[in-house]
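Taking it in order: structure first as structure tokens, then the write-up.
The values are calculated or read from the model by the stated rules, or taken from the named source; none is laboratory data. Remember, predicted model here, so these are calculated numbers, not experimental data. So basically every Cβ, Gly included, is an ideal-geometry build from the backbone, and we count neighbours across all protein chains shown. Please note that ligands, DNA and RNA were not included when accessible areas were found on the heavy atoms of the full protein model with its side chains. Shrake-Rupley method; radii C 1.70, N 1.55, O 1.52, S 1.80 Å.
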Amino acid sequence: MHNKKITFRDKKIKEDLCPKRIIVIVLQRIGDVLLATPIAESFKKKWPDVEIDFLVNKGTEDILGKRGERITNILTFDKSAGVLDHLKLYFKLFRKYDLAVSTQAGDRSLFLAWISGKKRVSSVPGKKKLLEWKKLICSGWVEDNNSNRHVVESNLMLVDAIAVEPVSKLSIPYFNVNYSVDEFITNIGNFVVIHPCARYIYKNWNKDSWVKLIEKIIAEGFYILISGGPDEKEVNYCREIKECFVALDSQVISIAGRFNFSELAYLLSKSCFYIGVDTSVTHMAAAIGVPVFCLYGPTNPVKWGPWPKGYDGTSSPFVTYDDTCQNVNNVLLIQGSKEFGCIPCQEEGCYKNLNSKSLCLESINFDKVFGLIKMKMKKI
């Protein structure tokens, strides 16, 4: 099924495993946590009664929503906590789970998997003799050194490694009717959610193009909700765009930092379409199933492209680069110009830091973006 190398030290993990409790350890960023949820979907299909807990970095847990039918408990790891707090967590986790799954090969993740699981499965580094100890503490492992493989695909390799059929569906934050959101959008007509900025500058388009795009979409008869995270920089950026439309105050609304992920998921489900950059909200919108337009620059879409709803493949839905656009199910992905031969460089901007600009992304042609969106608008 995959181009991979899987090695088992304990054959029973493949043949006889029937766990009652599983912990999935994802000590990465918010988007990584969401992209790990197909692991829970796969396990629940195989073992409907199994309890699945997630252990994630503090501050990333909201993307999982509240406890629901897929995830039993959400635990957090606080990097800034003291030794005593860490020891309390270790004792709380010690051998409480029949199976621990670590989505990455970091020392901390593997240590927590070893502490918590009677059996452990993890991604591990390849042929590095000094890191062989990581295989020794695992019951099974996957050597995953392919940087050109989608994160969902890598996660599903861990599922496949214990003879569980992979399910490539993402679990969005749980929602049904949300009265606070319903009340908010009561007097708003057909609306579009635009998420113009990520937490890190190197993933952002340019503000002037966002303003022009909003003007064009308003002219088509839509309301605009400008979405952003609670970080002060994101809130200010969204407010600056909003202030360009003083005369259309009721038609352009900033909701940056206003809703949690569950509320935002419900809001997205009511939108006509979504436009955003490479951020966790874009991944969430794609999983919900609304039409998604996303702008990518240095990010490799093969590895980090939004996973489209209904896409049931186990390999990436996208290729490394397409000068026009890539359209898979509900996701239309637009990349920077071909004149930048380095795209996608997979670096943190042109100056290789989180606050660097990405010229390939900033220079994406406005007319190209609006032309693609307008073609889709005609079908809505």
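Per the 1.4 Å probe, what fraction of the accessible area of the chain, in percent, lies on carbon and sulfur atoms?
On the way: 8630 of 17340 Å².
Summing carbon and sulfur atoms, their accessible area is 50 percent of the total for the chain.
For region 93-197, state which chymotrypsin sites (Phe, Trp or Tyr not before Pro) are in a DSSP loop and have at most 13 other beta carbons lying within 10 Å of their beta carbon.
PHE94
For the chain, rounded, prolate or oblate, judged on the Cα gyration tensor with a ≥ b ≥ c (square roots of eigenvalues), a/c < 1.5 rounded, else prolate if a/b > b/c?
It is prolate, given that a/c is not under 1.5 and a/b is the larger ratio.
Would you kindly derive the ³J(HN,Hα) couplings of region 331-337 from the backbone phi angles with the Karplus curve 6.51 cos²θ - 1.76 cosθ + 1.60 (θ = phi - 60°), listing them in order in whole Hz, with x for Gly and Pro?
Per residue, the Karplus-derived 3J(HN,Hα) values read 10, 10, 10, 10, 10, x, 5 Hz.
Quick check: convex hull of the Cα atoms in region 160-283, volume per residue, rounded to a whole Å³?
Details: hull volume 16.2 nm³, N = 124.
Dividing the Cα hull volume of region 160-283 by its residue count gives 130 Å³.
Checking a compactness column here: for region 170-217, what do you get for Rg(Cα) / (2.2 N^0.38 Å), N being the number of residues?
Details: Rg = 15.0 Å, N = 48, 2.2 N^0.38 = 9.6 Å.
This ratio for region 170-217 stands at 1.56.
Which value, in Å², gives the accessible area per residue of the chain when a 1.4 Å probe is used on the protein heavy atoms?
46 Å²
How far, in degrees from 0 to 90, does helix 207-219 lean away from the longest principal axis of the Cα atoms of the chain, to the nearest 10?
Result, in degrees: 70.
To check you understand DSSP bridge types, tell me what percent of the beta bridges within region 266-380 (both residues inside) are antiparallel, rounded to 5.
Once the DSSP bridges in region 266-380 are tallied, antiparallel ones form about 25 percent.
Taking all pairs of different Cα atoms in region 227-274, averaging 1/r and flipping that mean, what Kirkwood radius in angstroms comes out?
About 11.5 Å, per the Kirkwood formula over Cα pairs.
Could you state the angle between the C-alpha long axis of helix 37-46 and the longest principal axis of the C-alpha atoms of the chain, as a value from 0 to 90 degrees rounded to the nearest 10?
With rounding to tens, the tilt is 50 degrees.
Can you give the helix-only mean residue ellipticity at 222 nm for the chain, where every DSSP H stretch with n ≥ 4 adds -39500 (n - 2.57) and the sum goes over all residues, rounded to the nearest 500 deg cm²/dmol?
Numbers: 15 runs with 124 residues, N = 380.
Using -39500 (n - 2.57) per qualifying helix, the result is -9000 deg cm²/dmol.
Of the residues ILE275, ILE185, ILE25, which exhibits the maximal mean-square fluctuation in a Gaussian network model of the chain defined by a 10 Å Cα contact cut-off?
ILE185
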